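Undergrad: Pasting a structure here, questions to come.
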Amino acid sequence: MRVLGYLLIGIFFGIVLMKSEAASWFRIYEMFQFRSFHMYGIIGSALVAGIIAVQLMKKKGIKSFYGDTIHFIPKQKSVYRYFLGGSIFGLGWALAGACPGPMFALTGAGYLPVLIVIAAAIFGTFIYGLLRDKLPH
Amino acid sequence: MEALFRPWPWYVSGPLIALVMVLLLMMGKNFGMSSNLRTLCAICGAGNAADFFKFDWRAQRWNLIVVLGMVIGGFLATNFLSEDAAVNIGPKTVETLKELGFQGAGTEYLPAEIYSTENLSDPKTLSILVIGGSLVGFGTRYAGGCTSGHAISGLSDLQWPSLVAVIGFFVGGLLMIHLLFPLIF
C-alpha cells in the first residue's frame with residue numbers, strides 16, 4: 001500500500017516537473033539570464049505554499065498518515081559545505097540543465113542521453129564520498 | 001481540459017511541488033531527490049571504497065520508488081499530456097541562444113545540440129553531459145541537498161543553511177551561464 005503511495009507521488013511529481021517546464025534546459029538558462037519570471041514564480045510559489053504548510057504542521061503538531069510524529073531534520077550549521085557544494089551544483093545545473101529530480105522525469109520522457117548525466121551524477125557522488133574527509137564542511 | 005495539455009503556469013506548478021513535499025512528510029519521509037544518487041552508489045557497492053556509502057540503503061528504497069514513479073510520470077506527461085514539446089522562452093533568449101548555436105531554441109524541450117542521441121558521438125557533447133552530471137552529483141552531496149532538499153524542503157522549514165546553499169546554487173549557475181558559456185559555446 002505504502003509502495004503504491006510513493007509510486008503515485010513520484011508519477012505526480014514527474015508530470016509536474018515536465019508540464020511546468022522546470023525540467024527544460026532552456027528554462028534553467030533563461031532563469032540564470034534573469035529574462036523570465038517563470039522559474040522564480042515556480043520556486044517562489046512553491047516556497048510560499050511550503051512555508052505555510054510546514055509552519056502549520058509544526059504548530060498544530062500534525063501527525064503523519066500513519067499516526068507518527070513528523071520529524072523535521074535540522075541541517076548541520078555550517079557555511080563552507082553549503083556555499084561550496086551549492087556553487088559546484090549550480091555550475092552543473094546550468095551546464096546540464098537538469099537537477100536530480102528532473103533527470104529522472106526526462107529519462108521517462110525519452111531523452112536517453114540524460115542517462116549519461118545520471119551515471120555521471122552517481123559518479124560525482126562517489127567522488128564526493130571518497131574525498132569527503134579532505135573537504136571543508 | 002485543454003489547459004492541461006498546454007504548459008502549466010508557475011502559480012499552478014509551484015504549489016503542486018509544495019504538495020509533493022507535504023505528501024512525503026505525511027508519509028513520514030523527507031522530500032529530497034539527490035540522496036537517491038548516494039543510495040545508488042551504495043547499491044553498486046561503493047561501501048567497499050568509502051565509509052560514506054556504508055549505510056542501510058534498504059531504508060531508502062521508498063525514495064527509489066518515487067524515482068521510478070518520476071520516470072513513469074515523465075513518460076505520461078510527454079506522451080499523453082502534451083501537444084507540443086516547445087518551451088515558450090522569450091524572443092530575446094531565443095536570439096541569444098541561436099547566436100550560441102542552439103538552433104532549436106523556442107521549438108524544443110531540450111536542446112538537440114546537447115540532448116539528441118545522434119550528437120552523442122561528438123566528444124564535446126559527451127563531455128558536457130559527463131562534466132555537468134558529475135558537478136551535480138558532487139555538489140549536491142557536498143551541499144547535502146539539491147533544489148528539492150534545500151530550495152523547497154529546507155527553506156520551507158526556514159533553515160538558514162539551506163539559504164546559504166541556494167545562494168551557492170545561483171553563484172554557480174550565474175558563473176556558468178555568464179562566464180563559462182561564452183568559452184564553451
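Here, each number is a calculation from the coordinates, and none is a lab measurement. On a predicted model such as this, the values are computed, not experimentally measured, just so you know. Quick reminder, even Gly has a Cβ in these numbers, built from the backbone with ideal geometry, and neighbours come from all protein chains shown.
Undergrad: For A:87, B:82, which order do you get if you count the other beta carbons within 10 Å of each Cβ and list the fewest first?
TA: B:82, A:87
Undergrad: Can you give the percent of C-alpha pairs in the range A:78-137 whose distance is more than 15 Å?
TA: Looking at the range A:78-137, the distances longer than 15 Å represent 56 percent of pairs.
Undergrad: Per residue, what volume in Å³ does the Cα convex hull of the protein assembly as shown take up?
TA: Residue-normalised Cα hull volume stands at 130 Å³.
Undergrad: Given labels modelled 7 Å from the Cα in the Cβ direction, how far is it in nm from residue B:51 to residue A:35?
TA: Here the modelled spin labels are 4.9 nm apart.
Undergrad: Among rounded, prolate and oblate, which fits the range A:1-77 when a ≥ b ≥ c are the square roots of the eigenvalues of its C-alpha gyration tensor, a/c under 1.5 means rounded, and a/b larger than b/c means prolate?
TA: Judged from the Cα gyration tensor, the range A:1-77 comes out oblate (a/c at least 1.5, b/c at or above a/b).
Undergrad: Another one. Are there any trypsin sites (Lys or Arg not before Pro) in the range A:49-113 that are in a DSSP loop and have at most 14 other Cβ atoms within 10 Å? List them by number.
TA: Answer in residue order: A:77.
Undergrad: Also: Just from its helices, what would the mean residue ellipticity at 222 nm be for chain A, if runs of 4 or more DSSP H residues each count -39500 (n - 2.57) and the sum is divided by every residue, rounded to the nearest 500 deg cm²/dmol?
TA: -22000 deg cm²/dmol
Undergrad: Within a 10 angstrom radius of the beta carbon, how do B:125, A:107 rank from fewest other beta carbons to most?
TA: With the sparsest Cβ surroundings first, the list reads B:125, A:107.
Undergrad: Below 22 Å, Cα to Cα, which lysines can residue A:77 reach? Residues fewer than 8 away in the same chain don't count.
TA: A:58, A:134, B:29
Undergrad: Same structure, new question: Taking every residue in A:54-66, how many Cβ atoms of other protein chains lie within 10 Å of its Cβ, on average?
TA: Per-residue shielding by partner chains comes out at 3.
Undergrad: Pairs of Cα atoms under 8 Å, at least six residues apart: use those to get the relative contact order of chain A, whole percent.
TA: This gives 32 percent for chain A.
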